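A.B. asks: First the structure, which I've put down as structure tokens, then a few questions once you've had a look.
The values are calculated or read from the model by the stated rules, or taken from the named source; none is laboratory data. Worth saying up front: this structure is predicted, and the values here are computed from it rather than measured. Ideal geometry is used to build each Cβ from the backbone, glycine not excepted, and the neighbour counts take in all protein chains shown. These area figures cover heavy atoms from the full protein model, side chains too; ligands, DNA and RNA do not enter into them. Shrake-Rupley method; radii C 1.70, N 1.55, O 1.52, S 1.80 Å.
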Amino acid sequence: MNKIAILGPKNTYSDVCFQVYHHKTQHEPTPIYLRSMKQVIDQGESLGYAILPIENTLEGYVQSHMDLLFFSNLHIDSEIKLEIQFDYIYKPNPKRIYVQYVTKNQCLNFLENHLDETIVLTESNVESYEKYLNDPEGAAIVPRHLVKPIDLVIKGVSDEADNHTRFLILNNQPLGLKLYNKDEPYKVSIVITPKEDRPGLLHEILEGFGDAKINLISIMSRPTKKKMGTYHFFLEFMADVSTQRIVETVLNELKHTFDIRVLGMYQIL
Ligand SMILES: O=C(O)C(=O)C[C@]1(C(=O)O)C=C[C@@H](O)C=C1
């Protein structure tokens with residue numbers, strides 16, 4: 001029986017994503033709740049599945065999570081986007097605000113008005129909630145679904161009301177096109193690493209995709225962490241059965257100059 005590594009404790013947004021994944025696919029690996037995103041990715045490789053929040057409306061790509069994905073052997077199974085809502089709950093005259101490290105960057109305007117309290121970063125939103133419960137002078141930014149009627153609360157503290165996070169469901173299986181709904185377009189995520197450094201490399205990549213009329217969704221560069229000034233490029237684009245051949249041709253062509261790693265060909269659930 002497969003297991004799935006999820007950022008815990010239970011009821012994090014990653015856990016909500018797992019419930020939605022189960023509902024949409026009827027696939028129910030046993031959830032294993034872990035205390036940090038690094039543990040989720042490390043243990044996901046042996047457990048079979050893992051859930052990784054990768055991008056947010058306000059924060060953009062979560063760079064530390066991207067790096068975890070790049071340096072793992074996991075592939076992308078599918079993608080789920082969730083609405084994210086944060087409220088602030090507090091004890092009278094709080095001295096400390098517990099907030100998860102990605103959540104903090106989604107609530108910067110609110111926190112700017114709370115400079116007298118000490119910000120304590122946590123690994124997950126539910127950890128923030130538990131720390132608040134145990135601290136008589138505590139406050140926390142937490143998902144709305146955790147707030148109880150007895151809590152003192154300020155509702156809606158994200159920088160923008162329309163806030164979404166994109167989660168990747170990862171698996172340790174061999175790479176393959178995973179289609180939950182046939183005939184739907186799918187997304188391709190790849191990492192391109194130049195074999196050597198010379199002018200015009202990025203132009204060559206973009207030209208390859210442009211000439212084939214493949215519509216790129218995003219391109220990001222991240223340090224390879226091997227040598228200062230060396231980067232790999234993370235690209236995402238949409239494809240479907242009619243463009244599958246063209247995509248293969250472009251990737252094969254680029255392989256002459258670049259190391260190409262396909263992270264996944266997957267559907268948005
Ligand atoms: O702490 C949680 O609830 C999580 O699932 C993690 C996480 C993240 O790291 O992006 C998920 C969604 C929100 O963007 C904030 C936090």
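A.B. asks: Which whole-Hz ³J(HN,Hα) couplings does the stretch 184-199 yield from phi under the Karplus relation 6.51 cos²θ - 1.76 cosθ + 1.60, θ = phi - 60°, glycine and proline marked x?
C.D. replies: Running phi through 6.51 cos²θ - 1.76 cosθ + 1.60 with θ = phi - 60° gives 7, x, 10, 9, 10, 10, 9, 10, 10, 10, x, 6, 9, 9, 8, x Hz.
A.B. asks: Can you give the calculated 222 nm mean residue ellipticity of the chain, where each DSSP H run of n ≥ 4 adds -39,500 (n - 2.57) and the sum is split over every residue, rounded to the nearest 500 deg cm²/dmol?
C.D. replies: Helix contribution divided over all residues of the chain: -7500 deg cm²/dmol.
A.B. asks: How long is the gain from residue 220 to residue 268 if the chain were fully straight, where each residue apart is worth 0.36 nm and the alpha carbon distance is subtracted?
C.D. replies: Contour length minus the Cα-Cα distance gives 15.3 nm.
A.B. asks: Can you tell me the accessible area per residue over the chain, all protein chains present, probe 1.4 angstrom, in square angstrom?
C.D. replies: I get 50 Å² per residue for the chain.
A.B. asks: Looking at the chain, send over the antiparallel percent of its DSSP beta bridges, to the nearest 5.
C.D. replies: 70
A.B. asks: Moving on to the next point. Give me the extension gain from residue 160 to residue 20: residue separation times 0.36 nm, minus the current Cα-Cα distance, reported in nm with one decimal.
C.D. replies: Using 0.36 nm per residue and subtracting the Cα-Cα distance, I get 48.0 nm.
A.B. asks: Something else about it: Taking the Cα-to-Cβ direction at residue 105 and at residue 241 and moving 7 Å from each Cα, how far apart do the two end points lie in nm?
C.D. replies: 3.9
A.B. asks: Another question, if that's okay. Between residue 118 and residue 175, what FRET efficiency comes out of the Förster formula 1/(1 + (r/R0)^6) with R0 = 51 Å and r the beta carbon distance, rounded to 0.05?
C.D. replies: Working: r = 45 Å, r/R0 = 0.89.
So, using R0 = 51 Å, E works out to roughly 0.65.
A.B. asks: Give, in nm to one decimal, the length gained when the segment between residue 197 and residue 82 is fully stretched (0.36 nm per residue of separation minus the Cα-Cα distance).
C.D. replies: Gain on extension, residue 197 to residue 82, equals 37.5 nm.
A.B. asks: Still on this model: Counting only DSSP beta bridges with both residues in the stretch 86-154, what percent are antiparallel, rounded to the nearest 5?
C.D. replies: 50
A.B. asks: So if a site counts as exposed when it's one of the GluC sites (Glu not before Pro), its DSSP state isn't H, G, I, E or B, and it has at most 11 other Cβ atoms within 10 Å, what's the longest stretch of the chain without one?
C.D. replies: 1-159
A.B. asks: Roughly what % antiparallel, to the nearest 5, for the DSSP beta bridges in the stretch 1-141?
C.D. replies: The answer is about 25 percent antiparallel.
A.B. asks: Tell me the label-point distance for the pair residue 253, residue 61, using the 7 Å Cα-to-Cβ offset, in nm and rounded to one decimal.
C.D. replies: 2.3
A.B. asks: Hey, in the GNM for the chain with a 10 angstrom Cα cutoff, which one of 187, 195, 155 fluctuates hardest?
C.D. replies: Among 187, 195, 155, the largest GNM mean-square fluctuation belongs to 195.
A.B. asks: I'd like the FRET efficiency for residue 184 and residue 228, computed as 1/(1 + (r/R0)^6) with the beta carbon distance as r and R0 of 51 Å, rounded to 0.05.
C.D. replies: So the FRET efficiency works out to roughly 0.75.
A.B. asks: Additional query: Say each of residue 45 and residue 10 gets a label point 7 Å from the Cα, pointing the same way as Cα to Cβ; how far apart are those two points in nm?
C.D. replies: Inter-label distance under the simple model: 3.0 nm.
A.B. asks: Right, something else. For a 18 Å ceiling on Cα separation, which of these pairs sit above it: 187/213; 91/131; 38/195; 24/155; 187/225?
C.D. replies: Where the Cα-Cα span goes over 18 Å, the pairs concerned are 38/195; 24/155; 187/225.
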